[in-house]
1. State which entries of Lys5/Lys86; Lys22/Lys96; Lys5/Lys50; Lys50/Lys88 exceed 26 angstrom in Cα-Cα distance in the structure shown.
2. What do you get for the angle between helix 17-32 and the principal long axis of the chain? Use alpha-carbon atoms, 0 to 90 degrees, nearest ten.
3. Let me check against my output: what whole-number percent is the relative contact order of region 1-72, with C-alpha pairs under 8 Å and at least 6 apart?
4. If you line up the long axis of helix 88-101 against the longest principal axis of the chain, both from Cα atoms, how many degrees apart are they, to the nearest 10?
5. Can you tell me the Rg and Dmax of the chain, counting just the alpha carbons, in angstroms?
6. Cut-off under 19 Å on the C-alpha distance; same-chain residues fewer than 8 positions from Lys13 excluded. Which aspartates and glutamates are left, in chain and number order?
7. How much of the accessible area of region 24-94, probe 1.4 Å, is carbon plus sulfur, in whole percent?
8. If you bin every alpha carbon distance in region 56-121 into 5 Å steps from zero, what whole percent lands in each bin?
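The values are calculated or read from the model by the stated rules, or taken from the named source; none is laboratory data. No experiment lies behind these values; they were computed from the predicted model shown. Surface accessibility is based on the protein's heavy atoms, side chains included, excluding ligands, DNA and RNA. Shrake-Rupley method; radii C 1.70, N 1.55, O 1.52, S 1.80 Å.
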Amino acid sequence: MPWNKDDYPDSMKNLETDVREKAIDIANALLEENYEEGRAISIATSQARKAIHGDEEERVTYEVISRETDWILRKADGKRSIIVEKTKAELLQKAKPYVNDQNGILTIYEEDGSIEDTLYE
């Protein structure tokens, strides 16, 4: 079933309206070409951002990292915390919408400092 402006994947809920509408169009086209749903959403979101905002070279990268007794969101190489939470899960609930709203890239680290995932590239 194709998505529309009222019925779309949860992962698109925090996108800007114009980016979301473009992503829905692209994702529907990819599904028609037999792309797997998750892959179609990822590609569509990335391509919609490029279509609406251009190939912005200067997108800010944010990091979710462990710090002694809590988890923080900060700009890559930043010194100040933007959001602080006791658990990684709690932080990610707030960090993902924040970074999405900023049209940024989110790098999520494991407690040992290794990269777990990178979102919104």
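1. Numbers: Lys5/Lys86 35 Å; Lys22/Lys96 20 Å; Lys5/Lys50 19 Å; Lys50/Lys88 29 Å.
Result: Lys5/Lys86; Lys50/Lys88 exceed 26 Å.
2. 60 degrees
3. Details: 48 pairs, mean separation 18.0, N = 72.
Computed over region 1-72, the figure is 25 percent.
4. Once rounded, one gets 50 degrees.
5. So, for the chain, Rg and Dmax equal 15.6, 48 Å respectively.
6. The qualifying aspartates and glutamates are Glu21, Asp25, Glu37, Glu90, Asp101, Glu121.
7. Result for region 24-94: 44 percent of the exposed heavy-atom area is carbon or sulfur.
8. Bin by bin from 0 Å, the calculated values are 4, 19, 33, 28, 12, 3, 1, 0.
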